[in-house]
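The structure appears below as structure tokens.
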2 protein chains.
Amino acid sequence: MRVTGDLALVKKLNKSIVLDTIRRNGPLSRTDVSERTGLNKATVSNLTLELLEQKLVEETGLGESSGGRKPLMLLFNGAAGCVIGIELGVTLVKAALTDLTGGILAERSAPLAGQDPEAALAVVRETVKPLLEAMPDTPHGLVGIGIGVPGMVDESGLILYAPNLGWEGVDLRSRLEETFGVPVVVDNEANVGAAGEREYGAGRHVRHLVYVSAGMGLGSGMIIDGQLYKGAWGYAGETGHMSIESDGRLCSCGSRGCWELYASERAYAYVSEAGSTPLPASTTSELAAHARSGDAAVLDLYREIGRRLGIGITNLVNGFNPEKIVVGGPLTEAKEWIEPAMLDTIAERALPYHRRELAVSFSELGSRSAVLGAAHLAVSQFLGRVRVSL
Amino acid sequence: MRVTGDLALVKKLNKSIVLDTIRRNGPLSRTDVSERTGLNKATVSNLTLELLEQKLVEETGLGESSGGRKPLMLLFNGAAGCVIGIELGVTLVKAALTDLTGGILAERSAPLAGQDPEAALAVVRETVKPLLEAMPDTPHGLVGIGIGVPGMVDESGLILYAPNLGWEGVDLRSRLEETFGVPVVVDNEANVGAAGEREYGAGRHVRHLVYVSAGMGLGSGMIIDGQLYKGAWGYAGETGHMSIESDGRLCSCGSRGCWELYASERAYAYVSEAGSTPLPASTTSELAAHARSGDAAVLDLYREIGRRLGIGITNLVNGFNPEKIVVGGPLTEAKEWIEPAMLDTIAERALPYHRRELAVSFSELGSRSAVLGAAHLAVSQFLGRVRVSL
DNA sequence: AAACTTTGTCTATCGGATAAACTAAGTCTT
DNA sequence: AAGACTTAGTTTATCCGATAGACAAAGTTT
């Protein structure tokens, strides 16, 4: 059954508009909010009153007069509650306790021993425990948990398939909700990374964003009109398996020429193939060190990876026309040597109109994109946004 | 300024829900509508009254009793007005007069002589003229015009760039609105095709749809959550320039290995390259005739085109996870010989989960996808849909 | 024919948004 | 310093649409 209109909906919508306006542009006076939103002053006053009672908004004192009575400034109260953002990696669990503005209050991480769901869940519980103990006293307490996982997640939070963990059909959301007693949001790692960069990082205020997460694989999180796009069944963003060589290298997915074989850490394994000198190391950290000392083979490798990244990004750009592309993930440790070739390739190959306006940049949050994005999804669910389009 | 909530919005939303419910599921009684939508019976009665006054809904008489008073059945009145859908091709203008349900009342087409905007506009006017004369007398008369063009169109209807016409920055919408005095919707050819197939063709009731239009080039129309996705500046869907061979054939766009060089009619020009026998013809109609009589070179060609179409479609599927892919456009005249290789390739290369649920099919509306889609966009704008997401 | 069912309307009420009047609290002018 | 002016925020009366529930209308079943 669809959403129908009634007074409750109107109120919910307007309240969400007022809160959002204050959150993004505060401090603001009631009159400012009224002018910005188009809502009547009385309406703003009423809704603000409720937000004050809910402790989501604070009066921070008088502002500057502009020739009349001084305004009482309103500010979003990020300290009204806490959330926990978790990144469940293949070998590592990272978690952060944040306030409602994404400010980190505490952080933990732990290696992931076994990979069966039970063992992983135990590690998650252990990692989160000290964060809960460190939680300050707030009006709302813990309001939610967000978690990013390396796999495909449907709209209900069910992990459909996580090849690198060997999981299939794991209802992580229910399990965590039972454990912690708060609402849980589960999403793909690239998606939460996209959410993080869009809210707190390189993609602020961007309507259409593609976040490319490059590590052992390659995945994309796509934000369309400010919202994560998950596709029909939650498999959107598997761009690592976009073929950029129709008859290229055979991939474990069964296809050929997949992007991630050329433009992620998986490319390291193929270097000797070209007959060139073998690589002096096999991890990005080590290779970055060699690059820093001028190792020609490594520099070539990263130039080629940059070029291939550029080719794939160009494909995404031509299909999606995002406002911005943000590249993140472990591979960005080598961004210094990847970036020039990547940008050159995009400049060469993207359609002229895209080139003119497109912005491509690297992650601003670094290794925290995912935890912060996961945290943000939880905040976002707690604050509950209503959207209307005519 | 954003949309805020007030009573007018609530009414607009509910009225749009009622109309939509009747339109898609009619005939229905008022009680049926109330049950389906969750709206109160009184609300439905009130809104229906207005819709009856606006002639958008008709009472078609009494229905079957289910043990009590007979219901008065309501039906969407497609004859309340007319729209015109236009496909502005590179060499041909096609136009259709339809009612509000997409029923074709009259059709015209005319070759496009010169390609400068003024000449094209004159041809459009001449093509539309007899349709206007054939227009039946309806309560609302002509309520809008939709037009699909081979180029990139931004959200305001401005044609940013149409390489095949040599147009740049043409405000077709304003021009046509001045001429005809009704609201005009302009969009990309692939987008209107997508709209057509989704409303009246192979993509009915599909939430996320990708329509691939294959002709002299290759373009996609993407429908996300029931709405056309245009990207940040209207360039989304330029998938013809997705590279499927990183260092492949040089394309006129400046890039290499573009999909449309391998999987559209542009591929015909490259056959001799492989050293094989030259093609016996150069248009799809002629080649289809040769295929029908078993010409091996032509059959090979179409097998290869099918394979390449499959590769590109797999890429789109992995990125977007649409519910359905519909292939249309002039090239589908040869679908008989393209389809097997295309489907095999997708089955081989798509990720296992996609494969399981994805539906790929050819256009149901054939050469009318675009005109009907354009007409539908005009209808849709006239009826005005409001959407709320929580 | 009486009881029951279903359809659709009528009526009173509720709860939001709004404009306009009003109070509060400042600045500016002379 | 006093009055005029400005701006901020609240109060009041009004409007409007959705809703529940009563009711009327028009069937069917026994």
- [ ] Run A:Val326 past the list (1) more than 10 Å from chain B (Cβ to nearest Cβ); (2) closer than 25 Å to B:Ser246 by Cβ; (3) part of a helix (DSSP H, G or I) and report the number of the one that doesn't hold.
- [x] (3)
Task: Where B:Lys230 falls short, out of the listed (1) within 8 Å of another protein chain (Cβ to nearest Cβ); (2) farther than 25 Å from B:Ser174 by Cα; (3) open to solvent by 10 Å² or more (accessible area, probe 1.4 Å) - done: (2)
Open item on the list: Here's a check for you: in the stretch B:1-31, which residue that is open to solvent by less than 50 Å² (accessible area, probe 1.4 Å) and among the polar types (S, T, N, Q) is nearest to DNA strand C (Cβ to nearest atom)?
Closed with: B:Ser29
Task: Sole exception among (1) modelled with pLDDT of 95 or more; (2) in contact with a helix residue (DSSP H, G or I) (Cβ under 6 Å, 6 or more places away or on another chain) for A:Val317, by number - done: (1)
Task: Unmet requirement for B:Ala113, which otherwise passes all of (1) closer than 18 Å to B:Ser369 by Cβ; (2) open to solvent by 60 Å² or more (accessible area, probe 1.4 Å) - done: (1)
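Per-residue answers, yes or no, for (1) of a type outside the set (Ser, Thr, Tyr); (2) in contact with a Lys or Arg (Cβ under 7 Å, 6 or more places away or on another chain); (3) over 30 Å from B:Ala79 (Cβ atoms):
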residue	(1), (2), (3)
B:Lys335	yes, no, yes
B:Leu351	yes, no, yes
B:Ala378	yes, no, no
B:Ser389	no, yes, yes
Task: So B:Leu7, is it more than 9 Å from every other protein chain (Cβ to nearest Cβ) and within 11 Å of DNA strand D (Cβ to nearest atom) - done: no
- [ ] Among residues belonging to the stretch B:57-86 that are in contact with a Lys or Arg (Cβ under 8 Å, 6 or more places away or on another chain) and more than 17 Å from B:Ser380 (Cα to Cα), point out the one that is surrounded by the most Cβ atoms within 10 Å (Cβ to Cβ).
- [x] B:Leu74
Task: Criterion: of a type in the set (Gly, Ala, Ser), touching an Asp or Glu at 6+ places or on another chain (Cβ under 7 Å) and in a helix (DSSP H, G or I) - qualifying residue of A:Ala374, A:Ala347, A:Ala341 - done: A:Ala374
Task: helices (runs of 4 or more DSSP H) fully within the stretch B:1-94 counting 3 or more residues that are among the aliphatic types (A, V, I, L, M) - done: B:7-25, B:41-53
- [ ] Could you run through the stretch B:49-60 and say how many residues are more than 11 Å from DNA strand D (Cβ to nearest atom) and closer than 17 Å to B:Lys12 by Cβ?
- [x] 5
Task: Pairs where the first residue, in the stretch B:11-28, is more than 13 Å from chain A (Cβ to nearest Cβ) and the second is open to solvent by 10 Å² or more (accessible area, probe 1.4 Å) and within 16 Å of DNA strand D (Cβ to nearest atom), C-beta under 6 Å, 6+ apart - done: B:Pro27/B:Thr60; B:Pro27/B:Met73
Open item on the list: Out of the residues in the stretch A:239-256 meeting the condition of being in contact with a His (Cβ under 8 Å, 6 or more places away or on another chain) and touching a residue at least 12 places away in the same chain (Cβ under 8 Å), tell me which one is nearest to the other protein chains (Cβ to nearest Cβ).
Closed with: A:Ser255
Open item on the list: With the structure loaded, tell me whether B:Pro352 is closer than 24 Å to A:Lys230 by Cβ, open to solvent by 10 Å² or more (accessible area, probe 1.4 Å), outside the structural domain of B:Ile86 (by TED's automatic domain parsing) and more than 21 Å from the chain's Cα centre (by Cα) or whether it fails that test.
Closed with: yes
Open item on the list: at pLDDT below 90 and within 13 Å of DNA strand C (Cβ to nearest atom): is that true of A:Gly38 in this structure?
Closed with: no
TODO: State yes or no: is B:Trp259 open to solvent by 40 Å² or more (accessible area, probe 1.4 Å), closer than 30 Å to A:Ala190 by Cα and touching a residue at least 12 places away in the same chain (Cβ under 8 Å)?
DONE: no
TODO: Those residues that are within 14 Å of chain A (Cβ to nearest Cβ), more than 20 Å from B:Gly217 (Cβ to Cβ) and surrounded by 16 or more Cβ atoms within 10 Å (Cβ to Cβ), I need them from the stretch B:155-177; list them, please.
DONE: B:Leu158
- [ ] Report whether or not B:Leu72 is within 16 Å of DNA strand C (Cβ to nearest atom), among the aliphatic types (A, V, I, L, M) and out of contact with any Pro (no Cβ under 7 Å at 6 or more places or on another chain).
- [x] yes
Task: Residue check, B:Gly63 more than 30 Å from A:Asn40 (Cβ to Cβ), within 12 Å of DNA strand D (Cβ to nearest atom) and at pLDDT below 95 - done: yes
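Among the candidates A:Ala291, A:Ala281, which residue alone is without any contact (Cβ under 8 Å) to a residue 24 or more places away in the chain, farther than 21 Å from A:Arg368 by Cα and hydrophobic (A, V, I, L, M, F, W, C)?
Every option except A:Ala281 fails the conditions.
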Task: Number of positions in the stretch A:32-52 that are surrounded by 15 or more Cβ atoms within 10 Å (Cβ to Cβ) and in contact (Cβ under 8 Å) with a residue 24 or more places away in the chain - done: 8
- [ ] Go through (1) away from DNA strand C (no atom under 16 Å from the Cβ); (2) open to solvent by less than 10 Å² (accessible area, probe 1.4 Å); (3) farther than 22 Å from B:Asn188 by Cβ and name the single condition B:Ala95 misses.
- [x] (3)
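The values are calculated or read from the model by the stated rules, or taken from the named source; none is laboratory data. Keep in mind that what you see is a predicted model, and the values were worked out from it rather than measured. All Cβ positions, glycine included, derive from the backbone under ideal geometry; neighbour counts span all protein chains shown. Protein only, heavy atoms only, side chains kept; ligands, DNA and RNA dropped before computing areas. Shrake-Rupley method; radii C 1.70, N 1.55, O 1.52, S 1.80 Å.
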